[in-house]
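Before any comments, here is the structure.
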Amino acid sequence: MIELRNLEKFYQHGPSKSFVLRRVNVEIKEGEFVSIMGPSGAGKSTLLYVIGMHDGDWTGEYYLMGQPVHKMNRKERNELYKQNFGFVFQSYHLLDNLTVAENIEMPLTYRNIKKQEREAIVADTLDRFQMVGKKDLFPNQLSGGQQQLVGIARAMVASPKVILADEPTGNLHTSQGKEIMEMFKKLNEAGTTIIQVSHSDLNATYGNRVIEIRDGWIEK
Amino acid sequence: MQEILFAARRLLKHPLQLAAGLLAFFLGIGLNTAIYSIGDAIVFKPLELVGLQRLAIFEVFSRGQQLGIFDTSPADFLEYQSRLKSFESLGLEQHWDVTITRDGDPEYVSGARVTANWFELIGSQLLVGRGFRQGEDQSGNHRVAVISHGLWSRRFASEPGIVGRTIRLNREEYEIVGVVKQTSRFPGFMEVFSPIPRTPVWGQMRSDFDYSVVGRLKPGITHAQAEAELTAVQASIISRYKATHEGRSVQVVALNERVAGTNEMAGKYVRMLLVAAGFALLIACANVANLQLARVTGRTREFAIMRAVGAGRWPIARQVLIESLLLSLGGALLGCLGSIWCLDLIKGLLPTELWQFIPMWPYMSVDFHAVLTASLLAVGAGVISGVLAAWQSSRADAQDALREGGRAVSAGSRRQWFRGALVAFQMALAIVLLIGAGLMVRGANASIGIFDSKHPEQVATMQAVLPQLEYPNVEKRLDFSRRLEQGLKNLPGASEVALVNVIPMSDNGSSVSFAVEGRTMPQVADRPRALNLVVTPEYFSLMRIPLRQGRYLSADDRNGRDLVCVVDELLAKAQFPQGNPVGERLTLMLGETSKPCRIVGVVEATMHDAWERSPRPTLYRAFDQNPMLAVSLMVRTNGPVKAMVAAARNAVLAVDPDQPVRQQFSYQELIQTTLGGLRMIALFMGGIGAVAVVLACLGVYSVMSYVVAERTSEIGMRLAMGAQPRDIFKLLGGQALVMSGSGMLGGLIGGYLIAQLFSSMIFGVSSNDFWSLSSGALLLGAVAALATYLPARRALGMDPSTALRHD
Ligand SMILES: Nc1ncnc2c1ncn2[C@@H]1O[C@H](COP(=O)(O)OP(=O)(O)OP(=O)(O)O)[C@@H](O)[C@H]1O
Ligand SMILES: [Mg+2]
């Protein structure tokens, strides 16, 4: 499903290049649950952003379901991203002046879906995440774990094929983190491909594969 | 000390912001104090006279219609002097056209005849010699003169032994007794002062309304009190002299309001400029406040961290305070430089013809109090908004603020609302200023261009005032005007030649009251008045004034024949609403005498004075039948006008080699000079408007920059949720639209009101101008949009990953 070939990324520091990703060859199949691990500054987030097409400044080849992303312009990538990806942040990034339901609805407003249909989808999602009772609360009225659940619900609402998550449990207690991981597992079992960046070996056990990255090099 | 260094470093970290803040200070304070200094020079401290605040001048009205400050008779004055208790002393002044001969070229200067107490009364400072002594204002003792410092240095090379020398004025000898300081004269443009040659008959003249009264109020007496007393005295005069005085009333006006002009326009315009500059200062203050708010709210997390490590609220507030003070003081300093620079610029802008009426103009300096006030305001705006914002953000629960960044994306809607309101306020003020300035510029252009269709650029003009002594009778004057007219007609290239007593649009004019023969004679105050123009026959064709009925004046309307006149259609309509005025006879009241005259024609009405909003009823009399001492000449040529001006000057000298002339211009230049004040005001207004726009756009830009910076993580998140750049642009644009849009709406409403007000005040301004100007105001909207677009584009140009890493 996702295939990176000889992918490289560097920042230019004056005359010298400092590589963040080096000759990365990765293949991720549909339905996998992959954990990207490695020390701080190794390039985990960068790799995730490249996969998520948030970062367009790299060389090499990237095929998404056979389509050559490296040959696409920004607009085409955006379109492809919209159809296939959802994103979960370490720091949730909920809008604090919107209710839980409105936060979840937000990605749909960018996808040409009619209001009525959007409401139906949001209602479904709230149901699936068992948050119907909290739909009218504001983010600051929720615990961190609950906020991250909203974050995941928001990432799922547009039915993406892949969920990208950058340290989704980084700001949470172990017990809350467990809850989030269970949710990912459930989603994965329902067919969604999941790629998460993680620091914790425990979290990695929820996945079926680990990609180790060190100084921009894939370890195995 | 260390803290100051830190503060400076923090300020320097955002050089653009810093520059924007300093620019706001520079423009706001600089412009404001410069305009304030102009206000001082024109209205508030226009002269250096001891106790200027207590000096008042009498303004005369007839049936509520303003006649002006030169409308008191000698007998009335003497009665005021003996009966009014509100004044320490009263003085009388009359304009006196003076020709100086000997010691150089003949020169025409403005002079004043005054009562002997004049210089003590107004508190003048004499550089050399003395003022007038009691009794010198009696005929026979009156051959003494005080000259201005300017005349002394120009004509006498500041010769030390000037006192005691004689000067030849209107071909009579006067002894110079003193030299008066340039900025200590009233009227401020007079170069020669001499006592009124009073005679017993003079004191009896009850209706020779040709003098101006100045009084010094007793301490503690207000203008209103003095006016009440004056009204009572006036009532008693009216009861005794009904025929001539019925309907006359007198107001007591502060003298400083009538220094730069004989009417209230100068004061009005100066106040308008001050209000406009005040607006600009407010915009600058809003800018500074906005920058401070943005700076501080951008540091909410930093403050929370400080609180978390145990800092109290005071150290945080102190940090902001030091920073604000540093910025403000630097700004104020720049503002001082700005005001000096602005004032220098302005001083150089005004042509000499104009500033001769503003004695203090060359001595204008930056008003320290104005700088202080403006700086305090701007510093206050910066410091208060900064510290308040810091106080508020430090009050927020430290933990909450710390977690805010981690837990959710803050739109910080309340603070943004306030900053948005500040920007809206700026935009509104800027648009009001812009529309006001636009109207002024239009008015000025309309006034200046009013005669364009008459092609004034092809007409040479100049003015001569014949001295009474040399031209005591009609024969001499006739000889002068006939020879001059002939001489001018003989000039090669002269296509049309006219002599006229006062040229329209030259800020001069005389009026005459009249009655229609065969109707009952109304009382003085109820008699119709008309502009009194005395012209040679070619005047009408030269000025391109079409005939409506009857005939123009002709060369046959000569001295000794039936006295005839031409009236304009306004007079015709007012006096002969249904009949034909041609053939009717008028009785003209000229001072103490009256003359009959027969109407031979009606011509189109034409403007005479740009300050007026429309033409006034006009009477044209034949120059040959009424030879005047004031002779202005106009020569139309198809060739170069400069050469014609020089040739016409020589033609005057050929008739009388001792006769000076003034205002040797093309007619177009004459109009431009006359309206120079209006043009300057328009220019200043335009300048203020431009500064306002710059400041307002700066405000929009800086706020939008902060908004974008603040919403960076939100933007990243939205992009990650599938938003397109277009969506983000809509989001930011919407915010900007609400902000600038509401401001523009407010500004347009304000501008509409201003247009209504101005259209009733200024010639050439119609309230319809608002519509075309408001589209110009939309230009500001476009600039504001650009100011929004630039920071927004930065947000769109960045890779989402940068935005996402932002938190
Ligand atoms: N704008 C940039 N300019 C230069 N170098 C950068 C920039 N952004 C990131 N880097 C570098 O890229 C490298 C990889 O960063 P990345 O955020 O991917 O690391 P990470 O593995 O996610 O670390 P962490 O576990 O701390 O989140 C780091 O060494 C970082 O210094
Ligand atoms: Mg990372």
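The values are calculated or read from the model by the stated rules, or taken from the named source; none is laboratory data. These figures come from a predicted structure and were not determined experimentally. All Cβ positions, glycine included, derive from the backbone under ideal geometry; neighbour counts span all protein chains shown.
At-a-glance table
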read-out	value
Among residues of segment B:762-779, those that are assigned to a loop (DSSP other than H, G, I, E, B) and either in contact with a strand residue (DSSP E or B) (Cβ under 6 Å, 6 or more places away or on another chain) or crowded, with 17+ Cβ neighbours inside 10 Å (or both), counted	4
Selection count where residues are within 24 Å of residue B:797 (Cβ to Cβ) and either away from chain B (no Cβ under 14 Å) or outside any strand (DSSP E or B) (or both), scope segment A:1-18	8
Hits in segment B:103-146 - residues which are crowded, with 16+ Cβ neighbours inside 10 Å, within 28 Å of the chain's Cα centre (by Cα) and not in a helix (DSSP H, G or I)	B:108, B:109, B:110, B:111, B:112, B:113, B:114, B:123, B:124
Any hit, segment B:775-794, residues being among the charged types (D, E, K, R) and either within 28 Å of the chain's Cα centre (by Cα) or modelled with pLDDT of 80 or more (or both)	no
When residues of segment A:13-23 are limited to those that are under 20 Å from residue A:212 (Cα atoms) and either away from ligand 2 (no atom under 16 Å from the Cβ) or modelled with pLDDT under 90 (or both), the one surrounded by the most Cβ atoms within 10 Å (Cβ to Cβ)	A:22
Of the criteria (1) away from chain B (no Cβ under 11 Å); (2) in contact with a Ser or Thr (Cβ under 9 Å, 6 or more places away or on another chain); (3) within 25 Å of residue A:54 (Cα to Cα), which one residue A:149 fails	(2)
Filter result for residue B:343 (surrounded by fewer than 20 Cβ atoms within 10 Å (Cβ to Cβ) and modelled with pLDDT of 80 or more)	no
Meets criteria (of a type outside the set (Ser, Thr, Tyr), surrounded by 21 or more Cβ atoms within 10 Å (Cβ to Cβ), part of a helix (DSSP H, G or I) and more than 14 Å from every other protein chain (Cβ to nearest Cβ)) for residue B:737	no
Total residues in segment A:54-91, condition closer than 12 Å to residue B:721 by Cα and within 16 Å of ligand 1 (Cβ to nearest atom)	4
Residue match in segment A:205-215 (condition: buried (at least 18 other Cβ atoms within 10 Å of the Cβ) and either of a type in the set (Lys, Arg) or more than 16 Å from ligand 1 (Cβ to nearest atom) (or both))	yes
Residue satisfying condition, being hydrophobic (A, V, I, L, M, F, W, C), within 17 Å of residue A:134 (Cβ to Cβ) and more than 9 Å from chain B (Cβ to nearest Cβ), within set A:104, A:113	A:104
Tabulated pairs, segment B:50-62, first in a loop (DSSP other than H, G, I, E, B), second of a type outside the set (S, T, N, Q), C-beta under 8 angstrom, 6+ apart or interchain	B:50/B:123; B:51/B:123; B:51/B:216
Filtered residues of segment A:99-108 (kept if in contact with a helix residue (DSSP H, G or I) (Cβ under 7 Å, 6 or more places away or on another chain) and either part of a loop (DSSP other than H, G, I, E, B) or not aliphatic (A, V, I, L, M) (or both))	A:103, A:105, A:107
Only listed residue being of a type outside the set (Gly, Ala, Ser), touching a residue at least 40 places away in the same chain (Cβ under 8 Å) and on the phi > 0 side of the Ramachandran plot, chosen from B:171, B:185, B:198, B:130	B:171
Subset of segment A:30-57 [surrounded by fewer than 19 Cβ atoms within 10 Å (Cβ to Cβ), more than 11 Å from ligand 2 (Cβ to nearest atom) and without any contact (Cβ under 8 Å) to a residue 60 or more places away in the chain]	A:56, A:57
Unmet criterion (only one of (1) of a type in the set (A, V, I, L, M, F, W, C); (2) away from chain B (no Cβ under 14 Å); (3) within 30 Å of residue A:206 (Cβ to Cβ)) for residue A:47	(2)
For residue A:122: the one exception among (1) within 13 Å of chain B (Cβ to nearest Cβ); (2) over 17 Å from the mean Cα position of the chain (by Cα); (3) surrounded by 16 or more Cβ atoms within 10 Å (Cβ to Cβ)	(1)
Neighbours by Cβ (under 7 Å, 6+ apart or cross-chain): first from segment B:707-719, among the acidic types (Asp, Glu); second surrounded by 24 or more Cβ atoms within 10 Å (Cβ to Cβ)	B:714/B:409
Those residues of segment A:161-171 which are surrounded by fewer than 21 Cβ atoms within 10 Å (Cβ to Cβ), more than 16 Å from ligand 1 (Cβ to nearest atom) and either modelled with pLDDT under 90 or within 12 Å of another protein chain (Cβ to nearest Cβ) (or both), in sequence order	none
Subset of segment A:28-52 [within 12 Å of ligand 1 (Cβ to nearest atom), under 15 Å from the mean Cα position of the chain (by Cα) and part of a loop (DSSP other than H, G, I, E, B)]	none
Residue satisfying condition, being under 25 Å from residue B:22 (Cα atoms) and surrounded by fewer than 20 Cβ atoms within 10 Å (Cβ to Cβ), within set B:247, B:298	B:298
Criterion violated by residue A:25 - all others in (1) more than 9 Å from every other protein chain (Cβ to nearest Cβ); (2) within 11 Å of ligand 1 (Cβ to nearest atom) satisfied	(2)
Conditions (1) within 14 Å of chain B (Cβ to nearest Cβ); (2) of a type outside the set (A, V, I, L, M); (3) more than 27 Å from residue A:204 (Cα to Cα): number failed by residue A:83	(3)
Residues located in segment A:173-220, provided they are within 18 Å of the chain's Cα centre (by Cα), farther than 17 Å from residue A:32 by Cβ and either assigned to a strand (DSSP E or B) or within 16 Å of ligand 2 (Cβ to nearest atom) (or both)	A:199, A:200
Matching residues in segment B:710-725 - criterion: being modelled with pLDDT under 85, part of a helix (DSSP H, G or I) and within 11 Å of chain A (Cβ to nearest Cβ)	B:713, B:714, B:715, B:716, B:717, B:719, B:720, B:725
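Listed here are the residues, each with its yes/no results for (1) among the aliphatic types (A, V, I, L, M); (2) under 36 Å from the mean Cα position of the chain (by Cα); (3) at negative phi; (4) at pLDDT below 95.
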position	(1), (2), (3), (4)
B:566	yes, yes, yes, no
B:580	no, no, yes, yes
B:590	yes, yes, yes, yes
B:602	yes, yes, yes, no
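Quick grid of which residues meet (1) in the same structural domain as residue B:612 (by TED's automatic domain parsing); (2) free of Cβ contacts under 8 Å to residues at least 24 places away in the same chain; (3) surrounded by 22 or more Cβ atoms within 10 Å (Cβ to Cβ):
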residue: B:454; (1), (2), (3): no, no, no
residue: B:458; (1), (2), (3): no, no, no
residue: B:473; (1), (2), (3): yes, yes, no
residue: B:494; (1), (2), (3): yes, no, no
